[in-house]
Amino acid sequence: MTRPSKMQPVSSPLDRQAACPSCGATITFKFAGARAVVCEYCKFAIARTDRGLHPIGRMAELLEIPTPLQVGVTGTWGEEQFEVEGRIQMDRAGAPGAPWQEILVAFPMSGRSTWVAYAQGRWYATNDAELPPGGVPAISALGPGSDVDLGPHGTWVVSEVGQRRVVSGEGAMTTVPTPGVVTRYADISAQGGGFGTIDYGDGTQQPELYLGRQFDPRSLQLDSGLPLEAPEGKAAVVECPNCGGDLPLLSQQAERIICQYCGTASDVREGNLAALGPAPRPPIQPYVPIGAEGDVRGEHYTVCGFVIRSCMVEGVVYSWREYLLFGGDHVGYRWLMEEDGKWSFAESVEAGDVTDLGNMAMLGGRPHNFKQQVQAKVDYVVGEFYWKIEIGETVDATEFQGPDGKLSRERTATEVNYSFVTPLAPHELQAFGVAPPAGAGLIGAGFGGDDEEAGGCRNILGTVVTIIIVIIWVMMEVDGCGGFVGGGYSGGGWSK
Ligand SMILES: [Zn+2]
Ligand SMILES: [Zn+2]
C-alpha cells in the first residue's frame, strides 16, 4: 500500500473514507458504529463527531500480545458473520508491565459490535450498555465488594476499582480512546459469569457502561478454520539483573520476580527484569520447590512462587505458607496452602458468584458461615508473581466455612478476590515429586488426617512449634526490614 497524497480532497466525516486530520493519509471508517479509528500512518486516534474528525492523540506502537482475533479476521459467532475491526491495548496505572487488550468484533449484518477479551483461560464479551435512568454512583462511592444497582441491568458487585490508560490500538473503536490519559474504572461482576466495567474516564464526561459475560470459545468459528485459542505463551528464561542467574518466566502476566538464588526483587518490563532491590530471604526452603511440576485435579501446574504470610491474633503471630501454581495461559493460577502440616488447594471464584452478607456468604446455593477475619501480611516471597507483590503488604482476609470447603475473601482498598479452598490429599501433593511431609521439620504432625481444617490463617490453635519459630523469624526480621519498593498490591485475578 502506498501512502496517499496529502492533496486528496477531504471527505465528509460520515463517508467511509476521509483524510486523516493529523497526517492527511486516507483513513477508513469501515464499521458504521465506529466513533474513532487509528490512522495507520501517523498512529493518531481520530474521533468522528457530527462536526468532523478530530485527532485525539498518538498511540504507542502495538504491544506484542498474541491473539487469533487479528484485525480483518472473519468468522461466524453463533449464526452471525463477524469481522474483527479493531483492538485497544491498555495497562493499569502503576503496572505498565502487564498490559491487556480488547478486540472489537463487529457483526456487519446487524451493525452490532462487541468487545472481546481473553485472560487466564477465560473469554469475555462486553457491549456498550445504556446507563440506568438514575445514572451510576460516583466512583468515590464504590469500593471492592460493594453492590451497584444498575436498574434494568440488575444488581452487580464491584470487584475492583482502579486507574488505567490506553496505550495503543489499531483499527476501529466504538469508544474514543485518549492515549496516555489516566482514567478511572470499576470492574463489576454478576452471578453466572456476568462481567462488566463502568468507565469513568477522566471525570469530564458521562461514565460509559459495558456489560457482558464469559463465553464459550467454541461458539465462535474462524473462517480460517483455526481454533479460537490464544496461542500459549512460551516460557522464557530471563537473567537476574543482580546475580545473573537464569530465572524461568512462565507467564506473560508475570509482573514481579524475586530471584530464588540471590533474593533480588525485579519488575518484568518488556520481557526483561528491572531490579528493585534485595528482599529478605525466607528462613525456610519451600517444601515444594519452585519449578516443581505436577498434575492436580486434571490440570498440569508448575510451582512459580512461594510466599510466607502471617497474621496476628490477640498478640500471637500465626504463619502459613502459600505456593503459587501456574497452569499455562489457558488455565491460569491456583494456590497450594500449607499450615501446620495441612495442605489445601485454592481456586479463584468470581465476586459476582458470591452473595456476601458479612456474617455469611452464599456460593453455589450453599451457605458459608463467617469463621474469622484477620489482617494477612506478606513476610517473605520468592519466585514469579502476576502482581507487584511486596513484603509487608496486607489484605483483609476473611473466611467463611461451608459444607465442602472454605470461601476466602481477600480485600484491599481497590480489589476484592474470592477463592474456594479445599483440603489437598497427600497423593495430590506427592504429584509434585515431594515426599509425604509428615514429621518433616517445620511441617508438624497431622498432615492429611481426618481433620478438615486446612490452609489459611485459621488454625488459631496452631502448634507451639510454629509460634516459637515465628517468634524467631520476627526477631530475625528486625534488621531486615524495608524490603523492596514498588506499586501497591494489585490483588489477584484478571481485570479489564
Ligand atoms: Zn494520520
Ligand atoms: Zn539473583
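The values are calculated or read from the model by the stated rules, or taken from the named source; none is laboratory data. These numbers come from a predicted model, not from an experiment. Because the Cβ atoms are built from the backbone with ideal geometry, glycine has one as well, and the counts that use them run over all protein chains shown.
Brief remarks follow.
- The set of residues in segment 304-321 being assigned to a strand (DSSP E or B) and either without any contact (Cβ under 8 Å) to a residue 24 or more places away in the chain or in contact with a Leu (Cβ under 6 Å, 6 or more places away or on another chain) (or both) consists of Cys304, Gly305.
- Here Gly244 meets each of (1) small (Gly, Ala, Ser); (2) away from ligand 2 (no atom under 14 Å from the Cβ); (3) surrounded by fewer than 21 Cβ atoms within 10 Å (Cβ to Cβ); (4) part of a loop (DSSP other than H, G, I, E, B) with one exception, condition (2).
- The criterion of being in contact with an Asp or Glu (Cβ under 8 Å, 6 or more places away or on another chain) and either outside the structural domain of Arg87 (by TED's automatic domain parsing) or within 19 Å of Ile103 (Cα to Cα) (or both) holds for Gly171.
- Single residue of Arg218, Arg164, Arg213, Arg184 found to be of a type in the set (Lys, Arg), surrounded by fewer than 19 Cβ atoms within 10 Å (Cβ to Cβ) and either within 16 Å of ligand 2 (Cβ to nearest atom) or within 20 Å of the chain's Cα centre (by Cα) (or both): Arg213
- When the criteria are applied in full, Gln221 fails the requirement of being modelled with pLDDT under 90 and polar (S, T, N, Q).
- If you go through segment 44-70 and pick out every residue that is in contact (Cβ under 8 Å) with a residue 60 or more places away in the chain, closer than 22 Å to Arg164 by Cβ and in contact with a strand residue (DSSP E or B) (Cβ under 9 Å, 6 or more places away or on another chain), you end up with 13.
- Test result for Glu40, within 16 Å of ligand 1 (Cβ to nearest atom), in a loop (DSSP other than H, G, I, E, B) and under 28 Å from the mean Cα position of the chain (by Cα): no
- Tally, over segment 119-160, of residues that are touching a helix residue (DSSP H, G or I) at 6+ places or on another chain (Cβ under 8 Å), assigned to a strand (DSSP E or B) and free of Cβ contacts under 8 Å to residues at least 40 places away in the same chain: 0
- Within the span defined as segment 168-181, every residue fails to be surrounded by fewer than 18 Cβ atoms within 10 Å (Cβ to Cβ) and in a strand (DSSP E or B).
- Against the test of being at pLDDT 95 or above, in a strand (DSSP E or B) and farther than 30 Å from Thr414 by Cβ, the options Val84, Val105, Val71 yield a single qualifying residue, Val84.
- For segment 247-261, the tally of residues that are within 16 Å of ligand 2 (Cβ to nearest atom) and surrounded by 15 or more Cβ atoms within 10 Å (Cβ to Cβ) stands at 9.
- Residue selected from segment 106-141 under the condition touching a Leu at 6+ places or on another chain (Cβ under 7 Å) and among the β-branched types (Val, Ile, Thr), by the criterion surrounded by the most Cβ atoms within 10 Å (Cβ to Cβ): Val116
- Qualifying residue in segment 22-33 (condition: surrounded by fewer than 22 Cβ atoms within 10 Å (Cβ to Cβ), closer than 27 Å to Val182 by Cβ and within 15 Å of ligand 1 (Cβ to nearest atom)): yes
- Taken over segment 57-68, residues that are surrounded by fewer than 20 Cβ atoms within 10 Å (Cβ to Cβ) and either part of a strand (DSSP E or B) or within 16 Å of ligand 1 (Cβ to nearest atom) (or both) amount to 5.
- Scanning segment 238-289 for residues that are within 24 Å of His300 (Cβ to Cβ) and of a type in the set (D, E, K, R), we see that the one that is nearest to ligand 1 (Cβ to nearest atom) is Glu255.
- Scan of segment 19-45 for residues that are at pLDDT 90 or above and among the aliphatic types (A, V, I, L, M), ordered by number: Ala19, Ala25, Ile27, Ala34, Ala36, Val37, Val38, Ala45
- Residues that are more than 28 Å from Phe107 (Cα to Cα) and buried (at least 21 other Cβ atoms within 10 Å of the Cβ) were ranked within segment 149-161; the one that is farthest from the chain's Cα centre (by Cα) is Val157.
- Any chance Glu85 is of a type in the set (D, E, K, R), outside the structural domain of Phe44 (by TED's automatic domain parsing) and free of Cβ contacts under 8 Å to residues at least 40 places away in the same chain: no
- Candidate set from segment 285-309 (those that are within 12 Å of Gln260 (Cα to Cα) and small (Gly, Ala, Ser)); member that is modelled with the lowest pLDDT: Gly291
- All told, Pro289 meets the bar of being more than 30 Å from Asp353 (Cα to Cα) and surrounded by fewer than 17 Cβ atoms within 10 Å (Cβ to Cβ).
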